[in-house]
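Heads up, the thing below is written out as structure tokens.
The values are calculated or read from the model by the stated rules, or taken from the named source; none is laboratory data. Small disclaimer: the values here were computed from a predicted structure and weren't measured. Cβ: placed from backbone, ideal geometry, glycine included. Neighbour counts: every protein chain shown. Note: accessible area is taken over every heavy atom of the protein model, side chains too, but ligands, DNA and RNA are not part of it. Shrake-Rupley method; radii C 1.70, N 1.55, O 1.52, S 1.80 Å.
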Amino acid sequence: IWKELEDDYRKILTPPSFNAWIEQATPISLENNILTIEVPSALHKEYWEKNLASKIVETGFKLTGGEITPVFIIQNEQPKTEEVVVKKTTEVSDIVIQNSKKALLNPKYAFDTFVIGKGNQMAHAAALVVAEDPGATYNPLFFYGGVGLGKTHLMHAIGHQMLANQPDAKIKYVTSESFANDFINSIQNRTSEAFRQEYRSVDLLLVDDIQFFADKEGTQEEFFHTFNTLYNDGRQIVLTSDRLPNEIPKLQERLVSRFAWGLSVDITPPDLETRIAILRKKADSENLEIPDDTLSYIAGQIDSNIRELEGALVRVQAYSAMSGSEITTSLAADALKSLKPASRKKELSILLIQEEVCKYYHIKLKDLKGKKRVKTIVVPRQIAMFLSRELTDNSLPKIGAEFGGKDHTTVIHAHEKIQQLLETDITIQKEITDIKQQLNQ
Ligand code: ADP
Ligand code: MG
């Protein structure tokens, strides 16, 4: 059954996720329809239970016709006497806390506060792999994606996890700007040697937002050498940027090519369920009582940036505290009303969406609204209908009418079609994300 399961997972997971989750798990026994599986950490256990266990039930049923219940145990988790455990963990965590302060890691940005969803699953899995085995797998690990999607968070999480495993590891987190400033200061103060010593002796170097290396020739030169030294010593390097290295203007070719040695993973905006899960987690951690429909409402209002999503929650919380009333959907609506104009600068119209789609696919508005059945037009037309449905308040008949007088069932069909494609087709995912981004500007 395990072999079979592995094959099934291999089909549905990306290789890093497969390595991160499936490879690390060991089947122990199958007795009385209970499949006991050993996993390396509590984090793995949680991930398995949340995301992977349903497949076991499914495949188990397929193979045995019976109901298989998976149970997860954590490796090396022996029941020690309470006292010893407590003492040990406080000692270790003291060191970890001190070292994570030294490394400038934000204690809130850990793996266990990170909600996994479609847009960040792969990045999360890669981060875990690297945190568990720094320098050995993906080096450098490169995260890219829009603002407020969790790049910095994941990067810090790697640092925390590495410190938890190796409390005296030397870790350094910097933004590319601080790296540049440190470098320039070291020249002015004639402390280049100390600067090099500092950066080239770490076990894990985290450099955030390297798009700001653009235009900084000298800094790039210095970073090139830092990179080489660390890389050759088998030290882990993790980088983030808002775009791929080769899209960063004036980034030296030799850096671009080095960054491609490891793994680049993008983080895309969270879907609605992930946004709700993030809000739920945040609300729970702050002991806020918020009904589910209110969380869904908030998650529905802000759809591209997790920092703004958190901001919205804070706003609702403050609003409730000030007015002395419980958090409800209508209170949230009031609290967020004044936010709307800022976060959605202009009301999107169907026409605006049509124009943007036409521009993106280089087709004519006349064709988009017309009746041609060639694929190069049909897909953009369906995407434009889909976006009109998703992003505007227009009714289905109204949308149909704006597309050259089509029936509302055509709009429903287009919407379903694109929704399906979005689940499987990464090209479409990317294209729609791009168009949405254009629309947001
Ligand atoms: P970026 O570096 O990509 O701009 P950040 O890592 O700073 O984004 O994330 C912005 C905020 O959103 C942070 O407060 C972070 O904790 C939170 N956040 C991002 N992704 C997640 C996630 N998957 N789960 C929980 N919180 C998240
Ligand atoms: Mg960041």
Next on the checklist: Go through (1) over 25 Å from Gln437 (Cβ atoms); (2) surrounded by fewer than 18 Cβ atoms within 10 Å (Cβ to Cβ); (3) of a type in the set (Gly, Ala, Ser) for Ser320 and report which single condition fails.
Outcome noted: (2)
Next on the checklist: Exactly one of these conditions fails for Ile363: (1) touching a residue at least 40 places away in the same chain (Cβ under 8 Å); (2) open to solvent by less than 70 Å² (accessible area, probe 1.4 Å). Give me its number.
Outcome noted: (1)
Checklist outcome for this item: Checked the stretch 311-328 for anything aliphatic (A, V, I, L, M), more than 27 Å from the chain's Cα centre (by Cα) and either at pLDDT 90 or above or outside any helix (DSSP H, G or I) (or both); matches are Ile327
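Every residue, every condition in (1) of a type in the set (Asp, Glu); (2) touching a strand residue (DSSP E or B) at 6+ places or on another chain (Cβ under 7 Å); (3) closer than 24 Å to Leu239 by Cα, yes or no:
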{"site": "Ala260", "(1), (2), (3)": "no, no, yes"}
{"site": "Val265", "(1), (2), (3)": "no, yes, yes"}
{"site": "Ala283", "(1), (2), (3)": "no, no, no"}
{"site": "Leu288", "(1), (2), (3)": "no, no, no"}
{"site": "Val316", "(1), (2), (3)": "no, no, no"}
Item to check | Filter result (surrounded by 16 or more Cβ atoms within 10 Å (Cβ to Cβ) and either more than 16 Å from ligand 1 (Cβ to nearest atom) or not in a helix (DSSP H, G or I) (or both)) within the stretch 192-212 | outcome: Phe195, Arg196, Tyr199, Arg200, Val202, Asp203, Leu204, Leu205, Leu206, Val207, Asp208, Asp209
Checklist entry - Would you say Glu222 is among the acidic types (Asp, Glu) and buried (at least 19 other Cβ atoms within 10 Å of the Cβ)? => result yes
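Residues checked against (1) in a helix (DSSP H, G or I); (2) modelled with pLDDT of 90 or more:
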{"residue": "Glu289", "(1), (2)": "no, no"}
{"residue": "Ala299", "(1), (2)": "yes, yes"}
{"residue": "Ser304", "(1), (2)": "no, no"}
{"residue": "Leu309", "(1), (2)": "yes, yes"}
{"residue": "Ser330", "(1), (2)": "yes, yes"}
{"residue": "Ala342", "(1), (2)": "yes, no"}
{"residue": "Leu348", "(1), (2)": "no, no"}
Next on the checklist: Among the residues of the stretch 400-416, are any touching a residue at least 12 places away in the same chain (Cβ under 8 Å), open to solvent by less than 60 Å² (accessible area, probe 1.4 Å), of a type in the set (Gly, Ala, Ser) and under 19 Å from His362 (Cβ atoms)?
Outcome noted: no
Next on the checklist: What's the number of the only condition in (1) more than 26 Å from Met162 (Cβ to Cβ); (2) within 16 Å of ligand 2 (Cβ to nearest atom); (3) surrounded by fewer than 19 Cβ atoms within 10 Å (Cβ to Cβ) that Thr328 fails to meet?
Outcome noted: (2)
Checklist outcome for this item: If we keep only residues of the stretch 261-294 that are among the aliphatic types (A, V, I, L, M) and over 20 Å from the mean Cα position of the chain (by Cα), then the residue nearest to Ala318 (Cα to Cα) is Leu288
Checklist entry - Of the residues Ser257, Ser264, Ser285, which single one is more than 16 Å from ligand 1 (Cβ to nearest atom) and surrounded by fewer than 21 Cβ atoms within 10 Å (Cβ to Cβ)? => result Ser257
Next on the checklist: Within the stretch 369-388, does at least one residue satisfy the condition of being open to solvent by 90 Å² or more (accessible area, probe 1.4 Å) and in contact (Cβ under 8 Å) with a residue 40 or more places away in the chain?
Outcome noted: no
Next on the checklist: If I filter the stretch 140-149 down to residues being more than 29 Å from Asn232 (Cβ to Cβ) and open to solvent by 20 Å² or more (accessible area, probe 1.4 Å), which single residue comes out as nearest to ligand 2 (Cβ to nearest atom)?
Outcome noted: Val147
Item to check | Yes/no for Gln161 being away from ligand 1 (no atom under 13 Å from the Cβ) and crowded, with 19+ Cβ neighbours inside 10 Å | outcome: yes
Checklist entry - Of everything in the stretch 225-244 that's hydroxyl-bearing (Ser, Thr, Tyr) and open to solvent by 10 Å² or more (accessible area, probe 1.4 Å), which residue is nearest to ligand 2 (Cβ to nearest atom)? => result Tyr231
Next on the checklist: Suppose we filter the stretch 115-139 for residues that are open to solvent by 20 Å² or more (accessible area, probe 1.4 Å), in contact (Cβ under 8 Å) with a residue 40 or more places away in the chain and not β-branched (Val, Ile, Thr); how many remain?
Outcome noted: 8
Item to check | Residue that is more than 25 Å from Gly218 (Cα to Cα) and either surrounded by fewer than 14 Cβ atoms within 10 Å (Cβ to Cβ) or in contact with a helix residue (DSSP H, G or I) (Cβ under 7 Å, 6 or more places away or on another chain) (or both), where the choices are Ile248, Ile278 | outcome: Ile278
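Can you spot a residue in the stretch 131-139 that is within 16 Å of ligand 2 (Cβ to nearest atom) and of a type in the set (A, V, I, L, M)?
Here is the first cut: in the stretch 131-139, the residues within 16 Å of ligand 2 (Cβ to nearest atom) are none.
No, the stretch 131-139 has no match at all.
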